[in-house]
Amino acid sequence: MARAAAKKVKPRKRLTGDERRESILEAALGCFLEKGYIATTINDIREASGATTGSIYHFFDGKGALAMALLEDAIAGWSGESQSSSDTAEAVVRAAAGGLVTWGLKNPELFRFTDEIRTLAVTAPEFAEIADTLAEGQGSIQSSYAKFAKARKVKDLPWPAAHSLILGPAYNFLRLATAGRARIAAKRAAEIMSDAAWAAVKP
């Protein structure tokens, strides 16, 4: 009886440091979305990523550092989408809301994670560092708004109120859209939220 030929096993690709770090982040994001940030453990991330515990700790100090890295990616992505075509008050406000929608629709998983962490950062003292990172991410639009308000280019509102008016509707829309409950073309959605943001704060 002829012996079956041994099946050739394709060698496993050796990941570079950057690739390994990225694969750990992707696995962490998946775990956070499936189980929630608080319930997720490093062991969950190890199993999902295929990395060793030592490899995870080589790149990240722990679960909090993973969350921070994902948030930094989110802030960088949103900031990139929110660059305004000019430095007028209207352009900056529209770009902030429209950019958030555009980025969120391109990155629904990362948006959902960021939204969860935003809620935790408000209610849990141990998330103070994350809350600071989120605040820094909003620093540019906040300082611009203060400048525009002083020049009477926008309504003179406390920043928490202005923030809610400019970005609140965009966040609410993205919660629906990333859950599959709002189906509007990305460009149109960004236009609608941009219009709403400017209408809310224009003088």
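Annotation: of all residues in the stretch 158-188 being of a type in the set (F, W, Y) and either modelled with pLDDT of 95 or more or part of a loop (DSSP other than H, G, I, E, B) (or both), the one that is farthest from the chain's Cα centre (by Cα) is F173. As a summary of the residue check, A51 satisfies the conditions (1) within 17 Å of G17 (Cβ to Cβ); (2) not assigned by TED's automatic domain parsing to the domain that holds I38 except for the one numbered (2).
Of all residues being of a type outside the set (G, A, S) and farther than 16 Å from R21 by Cβ in the stretch 54-86, which is farthest from the chain's Cα centre (by Cα)? Just the residue, please.
So the first thing to find is which residues in the stretch 54-86 are of a type outside the set (G, A, S), and the list is 56-61, 63, 66, 68, 70-73, 75, 78, 81, 83.
Next cut, farther than 16 Å from R21 by Cβ only: 75, 78, 81, 83.
Values: I75: 6, W78: 7, E81: 12, Q83: 16 Å.
Among them, the one singled out is Q83.
K155 meets the conditions (1) at pLDDT 95 or above; (2) closer than 11 Å to A96 by Cβ in every case but one. The failed one is (2). For first residues located in the stretch 74-86 and assigned by TED's automatic domain parsing to the domain that holds G104 and among the charged types (D, E, K, R), partners that are modelled with pLDDT of 90 or more and crowded, with 20+ Cβ neighbours inside 10 Å and lie 6+ apart or on another chain with Cβ distances below 6 Å form the pairs E81/G99; E81/T102; E81/W103. Restricted to the stretch 123-150, and to residues there that are small (G, A, S) and free of Cβ contacts under 8 Å to residues at least 40 places away in the same chain, the residue that is farthest from R94 (Cα to Cα) is A124.
The values are calculated or read from the model by the stated rules, or taken from the named source; none is laboratory data. Just so you know, these numbers come straight off a predicted model, no measurement behind them. No Cβ is skipped: glycine too gets one built from the backbone with ideal geometry, and neighbour counts run over all protein chains shown.
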